[in-house]
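Report on one structure; see the data block that follows.
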Amino acid sequence: MGEITLILGGARSGKSTFAEELALNQKEHVTYLATADCRDGEMKKRIEIHQSRRPAEWGTWEGEPRDLPRAVASASGLLLLDCLTMWLTRLFLSFPESEGEDEAAWFAREGEIASLVRELCGSVGDGASLIIVSNEVGFGLVPPYLMGRRFRDLQGRMNQLCAGYAKNVALVIAGCPLWIKGGGPA
């Protein structure tokens, strides 16, 4: 299995910029795995900012959320997934159980999402490495509504799952990375 690096941080912490710098310093072909779903003008501007920072020679994958593990399995070189949170959001919102009162039904759907995350992390081939950018949501307030709490909990559990697969994990705060597992990609 290829090497995984997880980059965590809060909103506007500099995690994406740091991950892009890591990718630029590697001597491999980079494929950017874009997971955002453009639904409004504000998101369109955010996507354009990310696109403008990427070198023209980088490849880009944009697709359906459930297709991401297969895309990773078939790729080589350096893969930069930005970001796990947007990918999880799209999966989360695809299930009506995410806002229903039936906890058992929701836990079954969360189990399906966890299976996809395991598949994603396990699909990094020997000829590839994967940098995953993700939001650290555990430092914030507890959301006042069920759907928000479920997503926060899902995000935290999936971050833990990815960290278990990762050789390297960094937390980015105010643009400064702190390696909390490993010492960064070789």
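Is it true that some residue in the range 3-15 is modelled with pLDDT under 95, open to solvent by 60 Å² or more (accessible area, probe 1.4 Å) and farther than 25 Å from Val172 by Cα?
The answer is no, given that none of the residues of the range 3-15 is modelled with pLDDT under 95, open to solvent by 60 Å² or more (accessible area, probe 1.4 Å) and farther than 25 Å from Val172 by Cα.
With the requirement that a residue be surrounded by fewer than 16 Cβ atoms within 10 Å (Cβ to Cβ), out of contact with any Pro (no Cβ under 9 Å at 6 or more places or on another chain) and not in a helix (DSSP H, G or I), what does the range 78-104 give you?
Across the range 78-104, the qualifying residues are Gly100, Glu101, Asp102.
Output the number of residues of the range 30-55 satisfying the condition of being within 11 Å of Asp82 (Cα to Cα) and at pLDDT below 75.
The number of residues fulfilling the criteria is 2.
When you scan the range 68-77, how many residues do you find that are surrounded by fewer than 16 Cβ atoms within 10 Å (Cβ to Cβ) and within 14 Å of the chain's Cα centre (by Cα)?
0
Among residues belonging to the range 20-56 that are of a type in the set (Val, Ile, Thr) and in a helix (DSSP H, G or I), point out the one that is least open to solvent (accessible area, probe 1.4 Å).
Ile47
Do we have any residue at all in the range 161-183 that's polar (S, T, N, Q) and either surrounded by fewer than 20 Cβ atoms within 10 Å (Cβ to Cβ) or more than 15 Å from the chain's Cα centre (by Cα) (or both)?
There is no residue in the range 161-183 that is polar (S, T, N, Q) and either surrounded by fewer than 20 Cβ atoms within 10 Å (Cβ to Cβ) or more than 15 Å from the chain's Cα centre (by Cα) (or both).
Specify which of the listed residues (Gly156, Gly148) is open to solvent by less than 60 Å² (accessible area, probe 1.4 Å) and without any contact (Cβ under 8 Å) to a residue 12 or more places away in the chain.
Gly148
Among the residues of the range 131-138, is there at least one that is open to solvent by 10 Å² or more (accessible area, probe 1.4 Å), assigned to a strand (DSSP E or B) and among the polar types (S, T, N, Q)?
yes
The values are calculated or read from the model by the stated rules, or taken from the named source; none is laboratory data. Small disclaimer: the values here were computed from a predicted structure and weren't measured. Using ideal geometry, Cβ is built from the backbone for each residue, glycine included, and neighbour counts are taken over all protein chains shown. The protein model used for the area step is the full one, side chains on, heavy atoms only, and it has no ligands, DNA or RNA in it. Shrake-Rupley method; radii C 1.70, N 1.55, O 1.52, S 1.80 Å.
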